[in-house]
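Structure first, commentary second.
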Amino acid sequence: MQALPQTGHKHLSHDAALMLLAVLPDHIRNAYLNHAKQINYSIELVLEMALADFLDPDSLTFADCNPQIGLPEGQE
């Protein structure tokens, strides 16, 4: 497997989220988008939370987790 380049980013970018969504089956993509809309969170944050939960079911209880990160400005 080819090594991935290091980015130094701490959060998923909007462009990266869109690229990830583009390769998902329609029903999964729509489920993520609908969930993001229902809870009023950015799609980037919803995808990050889903990936973190898959890797560690306790990930969303970490003290440094701030679910307001990624909300459009003015909605924090």
Listed by first then second residue, the pairs whose first member lies in the stretch 40-53 and is on the phi > 0 side of the Ramachandran plot and aliphatic (A, V, I, L, M), whose partner is surrounded by fewer than 21 Cβ atoms within 10 Å (Cβ to Cβ) and not in a helix (DSSP H, G or I), with beta carbons under 6 Å and at least 6 positions apart or on separate chains, are none
What is the number of the single condition among (1) within 13 Å of the chain's Cα centre (by Cα); (2) surrounded by fewer than 11 Cβ atoms within 10 Å (Cβ to Cβ) that residue 23 does not meet?
(1)
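Take the residues of the stretch 33-72 that are farther than 25 Å from residue 22 by Cα and acidic (Asp, Glu): which is modelled with the highest pLDDT?
58
The values are calculated or read from the model by the stated rules, or taken from the named source; none is laboratory data. Computed from a predicted model, the values in this text were never measured in an experiment. Here the Cβ is made from the backbone with ideal geometry for all residues, glycine too, and neighbour counts use every protein chain on show.
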